[in-house]
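Asks: There's a structure below that I have some questions on.
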Amino acid sequence: MTSHSKLLKQKSIEYRKTILEIIFNSGAGHTGGSLSCVDILNVLYNSVMDISPKNFSKIDRDHFIQSKGHSVEALYTVLCDCGFFQRNDLDTLNQFNSHFIGHPTKKIPGIEHNTGALGHGLSVAVGLALGLKKDKKKHRVFTLLGDGELSEGSVWEAATSASKYNLDNLVVIIDRNKLQITGGTEEVNPIEPLSNKFESFGFKVQEADGNSIESLLNIFQNIPFQEGMPNMIIANTVKGAGISFIENQVSWHHKVPTQEEFNLAIQELEENLKNA
Amino acid sequence: MPNTLGKPNLEIFADTLLMEAKKDSKIIVVTSDSRGSGKLVPFGKELPQQIVEVGIAEQNLVGISAGLSASGKKVFAVSPASFLTARSLEQIKNDIAYSDHPVALVGISAGISYGQLGSTHHSIHDFAVMRCINNMTIVAPADNFEASEVIKQAVNYNHPLYIRYGKKPMLDIHSGKTQFQIGKAIIIEEGEDVALIATGETVQRAFLASQILKENNINPTIVSMHTIKPFDSETFLNIAKKSKIIVSIEEHSEFGGLGEQCASLLAQNQINTNFKIIGIPDEYMVNGSQSDVLDYYNMSPEKIANTTKSLID
């Protein structure tokens, strides 16, 4: 393990602590989905994307749109660590008149598109990637989708345009945690065979372990997977990843931990941090 | 001086946009298999790098337009008004208005323009739904002059904008000395006691009604209320305070459009005027050409004049 991946692993544990703290303190949040995607955001912001508070106001940088907007606590946590705002700002989450609400908004430094209603992010990312490509800019557009979100027809409309316009500067990541609010994705409305579906829509698809820093670092190095084709990463994750009693539980979609659960979770994360 | 018959506003839109896009390569048109009905075939031939075609997918049309705008483009998203403002309403609300992308959403063949194609293709809801989306400007140009001016201003307009176009040739209402500014109503003629407030293609009908009224020694004020939002309340209230009778005319549901905006202002400013809304009532609509349907729903010049006179009597 390189020192960089070790650092990222430690960050992932710290991020999980922050996610739990802000959800517990504010009394609301999407715990399961934030924990499943936080490693992806960690690697993107700390190792892959050219985005920082310094260049954020420019178009010439990488771009990120979180289509699964409800997992905003993970995004806030990573943006805070990257210096877009201070922790005391984040601690106003869900308070009256705070800009830190339960879905991404451009009022927050570091967020470039308002999301929350599902199935919107991919079209916007396609438009951005197309605009950059028309201007012969080298930067890329990353977007994170949930797997439950893939039932939205608008996702597939956008997919057709991504391949029509050969957007190899577009990187779509699916947080494939296999659960949604009602139950398993394959019970609610099956989306498999996912890889085949996106391949048939003209994407170059690769799979990764979305909760493994090494696996994520490795897969992002390969972008573009194939010149002239949009990139799709199916990131296989565990909903609630990193906290044993939250993992793979439908009930933790947007459950807020009790004081006891919160203490247990923090204790488990601190032990993991010692061993990281 | 008789007013000459101009071109369809839709053609003026396409001609103006092509002219502007030749000067500004940042202008991008996005279409949903709608370049033919949007008169944009020449645009596609002359500026193929400045047109994006998404196929019949209005949600994607609006989402991609938001993204293109984020990349620094000046985007015109063109699709039939009926589909644009209903099928993709959530994208308009979230990806354009709430995310504050200055995209011009161009609703073509608006109102009853599609005539016999029926209610699936009519947009008599668009003012209402777009009015209650925060951060959205709404414009319905009346004649060729307004149709062209709004596009020139849209190029550098810094807010989300919805423009509604019909496809029938329109009378040249304005003399050419008129100033057009988004958000500022145009008083076509200033009369006394009676005011006809119209928007979009019904301005022509109100104008023709005023000719009939003049023959009956009634000189109405005629207003092109081309901007539905932000509404020019100042001009409207100034006219309302001087008028005993006001009639609003719109190619839209009686609910949630121009008429109810006027009614709200009258009521909230304690102006007790004899006021009538002419629009499409809440019923299964009759079928027919745009002209026949509008005539049926009291928007023929004769019926507008009669309605106005009935308020005097």
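The values are calculated or read from the model by the stated rules, or taken from the named source; none is laboratory data. Just so you know, these numbers come straight off a predicted model, no measurement behind them. Here Cβ is always computed from backbone atoms with ideal geometry, including for glycine, and neighbour counts include all displayed protein chains.
Asks: Are any residues in region B:93-142 under 12 Å from the mean Cα position of the chain (by Cα) and over 26 Å from B:Pro169 (Cα atoms), and if so, which ones?
Replies: Matches in region B:93-142: none.
Asks: Check A:Gly121 against each of (1) within 12 Å of chain B (Cβ to nearest Cβ); (2) without any contact (Cβ under 8 Å) to a residue 60 or more places away in the chain; (3) surrounded by fewer than 16 Cβ atoms within 10 Å (Cβ to Cβ) and name the one condition it does not meet.
Replies: (3)
Asks: Moving on. Name the residues in region A:32-74 that are in contact with a Cys (Cβ under 8 Å, 6 or more places away or on another chain) and under 23 Å from A:Ser151 (Cβ atoms), would you?
Replies: Hits for region A:32-74 are A:Lys68, A:Ser71, A:Ala74.
Asks: For A:Val171, indicate whether it is crowded, with 19+ Cβ neighbours inside 10 Å and of a type in the set (Val, Ile, Thr).
Replies: So A:Val171 fits the description; yes.
Asks: Condition first: assigned by TED's automatic domain parsing to the domain that holds B:Ile280, outside any helix (DSSP H, G or I), modelled with pLDDT under 95 and surrounded by fewer than 20 Cβ atoms within 10 Å (Cβ to Cβ). Can you find one or more residues in region B:219-234 that meet it?
Replies: No: zero hits.
Asks: Further question: Please state which one of A:Glu192, A:Glu227, A:Glu187 is closer than 23 Å to A:Glu247 by Cβ and assigned to a loop (DSSP other than H, G, I, E, B).
Replies: A:Glu192 is the lone residue from the list that is closer than 23 Å to A:Glu247 by Cβ and assigned to a loop (DSSP other than H, G, I, E, B).
Rundown of residues vs (1) surrounded by fewer than 24 Cβ atoms within 10 Å (Cβ to Cβ); (2) of a type in the set (Val, Ile, Thr), yes/no style:
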{"residue": "B:Val106", "(1), (2)": "no, yes"}
{"residue": "B:Ser109", "(1), (2)": "no, no"}
{"residue": "B:Asp126", "(1), (2)": "no, no"}
{"residue": "B:Thr137", "(1), (2)": "yes, yes"}
{"residue": "B:Ser148", "(1), (2)": "yes, no"}
{"residue": "B:Pro160", "(1), (2)": "no, no"}
{"residue": "B:Gln179", "(1), (2)": "yes, no"}
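Asks: Those residues that are of a type in the set (S, T, N, Q) and either buried (at least 24 other Cβ atoms within 10 Å of the Cβ) or at positive phi (or both), I need them from region A:19-41; list them, please.
Replies: A:Thr31, A:Ser34, A:Ser36
Asks: Got at least one residue in region A:88-95 being assigned to a loop (DSSP other than H, G, I, E, B), on the phi > 0 side of the Ramachandran plot and not aromatic (Phe, Trp, Tyr)?
Replies: Restricting attention to region A:88-95, the residues satisfying the condition of being assigned to a loop (DSSP other than H, G, I, E, B) are A:91-95.
If we keep only those that are on the phi > 0 side of the Ramachandran plot as well, we get A:94.
Of the ones still in play, those that are also not aromatic (Phe, Trp, Tyr) are A:94.
Checking region A:88-95: at least one residue is assigned to a loop (DSSP other than H, G, I, E, B), on the phi > 0 side of the Ramachandran plot and not aromatic (Phe, Trp, Tyr).
Asks: (1) surrounded by fewer than 24 Cβ atoms within 10 Å (Cβ to Cβ); (2) at the interface with another protein chain (Cβ under 9 Å from one of its Cβ atoms); (3) part of a helix (DSSP H, G or I); (4) of a type outside the set (A, V, I, L, M): which one isn't true of B:Phe83, the others all being true?
Replies: (2)
Asks: Any residue that is in contact with a Gly (Cβ under 8 Å, 6 or more places away or on another chain) and within 12 Å of chain B (Cβ to nearest Cβ) - is there at least one of those in region A:168-175?
Replies: No.
Asks: Please go through (1) in contact with a helix residue (DSSP H, G or I) (Cβ under 7 Å, 6 or more places away or on another chain); (2) buried (at least 17 other Cβ atoms within 10 Å of the Cβ); (3) of a type in the set (D, E, K, R) for A:Asp62 and return the number of the only condition it doesn't satisfy.
Replies: (1)
Asks: Here's another thing I want to ask about it. Going through region B:13-43 one residue at a time, which ones are within 14 Å of chain A (Cβ to nearest Cβ), of a type in the set (A, V, I, L, M) and not in a strand (DSSP E or B)?
Replies: The answer is B:Ala21, and nothing else.
Asks: Kindly check whether there is at least one residue in region A:110-117 that is at the interface with chain B (Cβ under 7 Å from one of its Cβ atoms), of a type in the set (A, V, I, L, M, F, W, C) and in a helix (DSSP H, G or I).
Replies: no
Asks: Is there a residue being under 23 Å from B:Leu5 (Cβ atoms) and hydrophobic (A, V, I, L, M, F, W, C) anywhere in region B:154-169? Before you say what the answer is, go through the steps one by one.
Replies: To start, the set of residues in region B:154-169 that are under 23 Å from B:Leu5 (Cβ atoms) comprises B:163-169.
So of that shortlist, the ones also hydrophobic (A, V, I, L, M, F, W, C) come out as B:163.
Among the residues of region B:154-169, at least one is under 23 Å from B:Leu5 (Cβ atoms) and hydrophobic (A, V, I, L, M, F, W, C), which makes the answer yes.
Asks: Of all residues in region A:75-109, which are closer than 20 Å to A:Asn55 by Cβ, within 14 Å of chain B (Cβ to nearest Cβ) and touching a Gly at 6+ places or on another chain (Cβ under 7 Å)?
Replies: A:Pro104
Asks: Taking the residues in region A:128-147 that are part of a helix (DSSP H, G or I) and surrounded by fewer than 24 Cβ atoms within 10 Å (Cβ to Cβ) as candidates, determine which candidate is nearest to the other protein chains (Cβ to nearest Cβ).
Replies: Here the answer is A:Lys134.
Asks: List pairs: first in region B:53-74 and at the interface with chain A (Cβ under 8 Å from one of its Cβ atoms), second surrounded by 24 or more Cβ atoms within 10 Å (Cβ to Cβ) and modelled with pLDDT under 95, Cβ under 8 Å, 6+ apart or cross-chain?
Replies: Hits for this filter: zero, empty list.
Asks: Could you say which residue among A:Ile40, A:Ile13 is assigned to a helix (DSSP H, G or I) and more than 19 Å from A:Ala208 (Cβ to Cβ)?
Replies: Testing whether each residue is assigned to a helix (DSSP H, G or I) and more than 19 Å from A:Ala208 (Cβ to Cβ) leaves just A:Ile13.
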